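Let me begin by presenting the structure, written as structure tokens, before commenting on it.
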Amino acid sequence: MPELPEVETVRDGLQRWVAGRSVAAVDVRHPRAVRRHLAGGADLAARLAGRRLVAASRRGKYLWLPLDGGQECLVAHLGMSGQLLVRPPDAPPEKHLHVRVRFADGGRELRFVDQRTFGGLALDTLVPAADRPAERLPGSIAHIARDPLDPYLDDQAVIARLRRRRTELKRALLDQTLLSGIGNIYADESLWRARLHGARRTDTLPRAAVAELLTQVRAVLRDALRAGGTSFDALYVDVDGRGGYFDRSLAVYGQEGRPCPRCGTPVRRAAFMNRSRFFCPACQRPPRRRPVPAGPARIDRRGAGVRA
Ligand SMILES: [Zn+2]
């Protein structure tokens, strides 16, 4: 699932190739791709025709194109496998091409391609941001928190809110209403950089540890952005159809059994919310729990002894 660096890479491509252009016609080829637009594909096409897409905007993992007039926008949900491609009009249709946007200038068109159809496009109304009314964002994502690369993010407020939570650290990092843009990959990578185990309880963490984590979250997101994102499952691509290459720089995510780049201890994988967490058991000490019976289970859980 694309996270902030991947969505920002796509946004940057849309800003360069699509912003400022007027829509001539929209062809919705698959109803599932517009299911979030409740009035249906024909309505979406009719309301977009003749409108200008003035910019490409993002908050966290969410992407939208404000329309001329300043009241509405086209929201793009990438879901698991959604791609926004900018293609010459005569390029053959992609196998999973669901929506095609042609422009009045006759130039490259915008295509929404989605193998697994969890993503889609919808029109939405722009509303003022609660903490900064001059800023407008789609009503459907108004509850999403600012992301770590947002200049208006209030670090101290995020740190305080996180420490007030009574949950585990990785769960808090994935909570898009606390801090947006981070998914499984960058959560595991930033926890590793900050030497924190994701199962640590947020209400036991010192302020300095959370501040350091936020620093490392920003660092990993910026590094990934420079690499064009992570194309871990080969589904994420930029508007030109190219993948990112940050997967080559991943320290722990997807690296089970490989040596930790910092200390050489084999990276571990553990279950986490129907998914996985990847961590170095030496650099990221699991939290102390209530006493458990001695034996292999205890050694395994505490991560002790694996450096031998
Ligand atoms: Zn390590």
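The values are calculated or read from the model by the stated rules, or taken from the named source; none is laboratory data. Bear in mind the structure is a predicted one, so any value in this text is a computation, not a measurement. Counting neighbours? That spans all protein chains shown, and the Cβs are built from the backbone with ideal geometry, glycine included. Calculation scope for accessible area: heavy atoms of the full protein, side chains included, ligands and nucleic acids excluded. Shrake-Rupley method; radii C 1.70, N 1.55, O 1.52, S 1.80 Å.
Data for the structure
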read-out	value
Filter pass, residue 25 being surrounded by fewer than 16 Cβ atoms within 10 Å (Cβ to Cβ), in a strand (DSSP E or B) and at pLDDT 95 or above	yes
Residue 146 being modelled with pLDDT of 95 or more, within 19 Å of the chain's Cα centre (by Cα) and of a type in the set (Lys, Arg)	yes
Residue 249 being more than 9 Å from the ligand (Cβ to nearest atom), of a type in the set (Ser, Thr, Tyr) and loosely packed, with under 15 Cβ neighbours inside 10 Å	yes
Odd one out for residue 285, checked against (1) part of a loop (DSSP other than H, G, I, E, B); (2) at pLDDT 95 or above; (3) within 14 Å of the ligand (Cβ to nearest atom)	(2)
Checking residue 234 against (1) under 30 Å from residue 259 (Cβ atoms); (2) open to solvent by 10 Å² or more (accessible area, probe 1.4 Å); (3) modelled with pLDDT of 95 or more, the condition it does not meet	(3)
Count of region 159-200 residues which are among the basic types (Lys, Arg) and within 20 Å of residue 278 (Cβ to Cβ)	5
For residue 257: the one exception among (1) outside any loop (DSSP other than H, G, I, E, B); (2) at pLDDT 90 or above	(1)
Residue count, region 161-173 (criterion: in contact (Cβ under 8 Å) with a residue 24 or more places away in the chain and not in a loop (DSSP other than H, G, I, E, B))	9
Answer from 161, 193, 201 - the residue that is open to solvent by 40 Å² or more (accessible area, probe 1.4 Å) and within 23 Å of residue 260 (Cβ to Cβ)	193
Candidate set from region 79-136 (those that are open to solvent by less than 30 Å² (accessible area, probe 1.4 Å) and basic (Lys, Arg)); member that is nearest to residue 153 (Cα to Cα)	111
